[in-house]
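Chemist: Take a look at this one; I'll ask things after.
The values are calculated or read from the model by the stated rules, or taken from the named source; none is laboratory data. The structure presented is a predicted model; accordingly, all values stated were derived computationally and were not measured. Positions of Cβ are backbone-derived with ideal geometry, glycine not excepted, and every protein chain shown enters the neighbour counts. Ligands, DNA and RNA are excluded from the accessible area calculation, which covers all protein heavy atoms including side chains. Shrake-Rupley method; radii C 1.70, N 1.55, O 1.52, S 1.80 Å.
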Amino acid sequence: MGHPLNIVMCEPLTWDSTTKVGSHHYAEQLAAMGHRVFWISHDIHLPSLLRNPGSSPSREVQRVGIHHDILSWHPLVPLPFRNKPLLDTPLVAKLNRPFCRSTIRRVLKEHNFETIDILWLSQGYSSYLALDTLNATTTFFRMSDNARAFREFPKTYAILERELMKRADV
């Protein structure tokens, strides 16, 4: 192996989810090989913080993984992009992007991820938030499911998914 790679993984599940998927295992294996992994989970939105201030995931960067060698974090967005009336629109998805852009960059910089070798995108909204925000040597999109089969996914997510597919290197 050459030098350790900086890998940013954008995933819809939190790191500590009771359901562990392939991406969790990839992250563990990549970290075990000596690469630096930063896991960006689903967003936290302002209405949920106002409604349930103590029940949202932490907005602080957490050390996770078997050896606590993976960093995990949730971006904060003003509006939830959800399968609900008025929120399931490309406009809501696009409005959140500029709000997150500087925060995502700042958090990654604070943890020495200014240079990103691999940007790992998957079927989650955090991938869309990262798309125009982060520059990487290689952008990889991992499609694992038919997102339209899950009722929680916004119906307009298919538009975002096509953009992710077009713009990824792999």
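Chemist: Return the calculated 222 nm mean residue ellipticity for the chain, to the nearest 500 deg cm²/dmol, obtained by summing -39500 (n - 2.57) across DSSP H runs with n ≥ 4 and dividing by the residue count.
Modeler: -10000 deg cm²/dmol
Chemist: Something else now. Working from the pairwise distances between different alpha carbons, so that the mean of 1/r is found and then inverted, what is segment 1-149's Kirkwood radius in Å?
Modeler: The Cα-based Kirkwood calculation yields 15.8 Å.
Chemist: Report for the chain the percent antiparallel among DSSP-assigned beta bridges with both residues inside it, nearest 5.
Modeler: Around 10 percent antiparallel, to the nearest 5.
Chemist: Of all DSSP beta bridges in segment 5-92, what percent run antiparallel (nearest 5)?
Modeler: 20 percent
Chemist: For Thr138, what is the net charge nearby, where nearby means another residue's Cβ is under 14 Å from its Cβ and Lys, Arg count +1, Asp, Glu -1?
Modeler: Local net charge: 0.
Chemist: Follow-up question, since we're still on this one. Strictly over 27 Å apart at the Cα level, which of Lys109/Lys155; Lys84/Lys109; Lys20/Lys155 would you flag in this model?
Modeler: Where the Cα-Cα span goes over 27 Å, the pairs concerned are Lys109/Lys155; Lys84/Lys109.
Chemist: Net charge within 14 Å of Thr89 by Cβ-Cβ distance, Lys/Arg positive one each and Asp/Glu negative one each, not counting Thr89 itself?
Modeler: Local net charge: +4.
Chemist: Next question, about the same structure. Tell me the carbon and sulfur percent of the accessible area for segment 1-150, rounded to whole percent, probe radius 1.4 Å.
Modeler: 57 percent
Chemist: Please get the size of the charge dipole for the chain, origin at its Cα centre, with Cβ charges of +1 on Lys and Arg and -1 on Asp and Glu, quoted in debye to the nearest 20.
Modeler: Computed charge dipole of the chain: roughly 540 debye.
Chemist: Now for a separate question. For segment 89-145, what ratio Rg/Rh do Cα atoms give with a Kirkwood hydrodynamic radius?
Modeler: 0.98
Chemist: Between Ala158 and Leu95, with labels modelled 7 Å along Cα→Cβ, what's the label distance in nm to one decimal, could you check?
Modeler: Inter-label distance under the simple model: 2.4 nm.
Chemist: Give me the Kirkwood hydrodynamic radius of segment 69-170, using the inverse of the mean 1/r over all pairs of distinct Cα atoms, in Å to one decimal.
Modeler: 14.3 Å
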